[in-house]
Amino acid sequence: MTSLDRSWLNPAANAFVWVDLASPSIPETLVLSDTFAFHPLSVEDARAEIHDPKIEAYDGYLYVILHGIDIRPGKKALLTHDVDFFIGQTYLVTVHDGNSRSVTGMQENVVRNSRIMAEGPVALFHRIVDAMIDHYRPEVDELEDRIDALEKSVFERPDPKLIRQILDMKRDISRLRRIMTPQRDVIARLARRDFIDISTDLSFRFRDVYDHIVRIADDTTIFQDRISGILDAHLTNVSNRLNEVMKVLTVVSTIFMPITFLSGLYGMNVPVPHLPGGEAAQFWWVFAIMIAIVVFMLTLFRRKKWI
């Protein structure tokens, strides 16, 4: 879409227009500045690929940025995509990258039910936002399942390779929390009716959305604490295993020190005192002494609880 008849935007036309720009080209984005005459700062934010959630009131419209869950196939991490909303008295403009399930689903619902459009732009905006927050729940539940599995692996089968999974999980949780906190604040302002465009009835609806997003934000805080605990436990397990290995190596080295000295002493090409018996008995004497040293040192280490 590169043009729109401005007469549709006149309140006297008694019409409500929804313009959806999915992955818009540069000519399509000109609709924002030329047709709707939106403020240059809001247009610049809408053209940006990624922007944090926020809400701003401009002359004649509200500008809102919210994030939905990314659904692109083959993704290896939890990603989000922003959806920009321009909410006016007679119009709703949405701008996104084309991967918004909420916007696509609402377009299908509008075709099946014309009453949705009759409710007005703010009500339609609420429906889209409600769907966006609902789509978070399966992703958050899946994230919780992954944390449970990771926690079980750390405590049942310590593996140094798990550090990569833990760090990836920590990154996903940090990214989700960084989005949910400002997004929660945006919904809170809508629920409090900080803007005159929000009616009492719609503020109640946004309160319900706010309750959902608060629970998700609380879950992300809990997840962050859990993953930090898992990381600490994993590092402790790895450190303990390393200490055990080092202890074994130290014991082996300590035991072999006198044995090595003894074998080196009797292996020199110089005359050394002979033990009782003939030449054939010397080997067995040295071997017996070595065994006695090993037994003595192991017994000593055991009594001191070093092994």
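Which residues, taken from the stretch 138-164, are at pLDDT 85 or above and either within 17 Å of Arg207 (Cα to Cα) or not charged (D, E, K, R) (or both)?
Across the stretch 138-164, the qualifying residues are Pro138, Val140, Leu143, Ile147, Ala149, Leu150.
Please determine whether any residue of the stretch 279-288 is closer than 30 Å to Glu156 by Cα, touching a residue at least 12 places away in the same chain (Cβ under 8 Å) and of a type in the set (A, V, I, L, M).
no
Output the number of the condition that Gly229 fails; it satisfies all remaining conditions of (1) without any contact (Cβ under 8 Å) to a residue 60 or more places away in the chain; (2) closer than 30 Å to Met132 by Cβ; (3) within 16 Å of the chain's Cα centre (by Cα).
(2)
Looking at Ile128 and the list (1) of a type outside the set (Gly, Ala, Ser); (2) surrounded by 16 or more Cβ atoms within 10 Å (Cβ to Cβ); (3) in contact (Cβ under 8 Å) with a residue 40 or more places away in the chain; (4) under 17 Å from Ile216 (Cα atoms), which single condition is not satisfied?
Going through (1) of a type outside the set (Gly, Ala, Ser); (2) surrounded by 16 or more Cβ atoms within 10 Å (Cβ to Cβ); (3) in contact (Cβ under 8 Å) with a residue 40 or more places away in the chain; (4) under 17 Å from Ile216 (Cα atoms) one by one, Ile128 breaks only (4).
Quick one: how many residues across the stretch 96-118 are in a loop (DSSP other than H, G, I, E, B), surrounded by 14 or more Cβ atoms within 10 Å (Cβ to Cβ) and either without any contact (Cβ under 8 Å) to a residue 40 or more places away in the chain or of a type in the set (S, T, N, Q) (or both)?
2
Could you count how many residues in the stretch 145-186 are among the small types (Gly, Ala, Ser) and either farther than 13 Å from Thr221 by Cα or in a loop (DSSP other than H, G, I, E, B) (or both)?
Selection size over the stretch 145-186: 2.
Do the conditions hold for Asp197, that is, is it outside any helix (DSSP H, G or I) and in contact with a Gly (Cβ under 9 Å, 6 or more places away or on another chain)?
So Asp197 passes the test.
The values are calculated or read from the model by the stated rules, or taken from the named source; none is laboratory data. Being a predicted model, the structure only gives us computed values, none of them experimental. We place every Cβ from the backbone using ideal geometry, glycine too, and count neighbours over all the protein chains shown.
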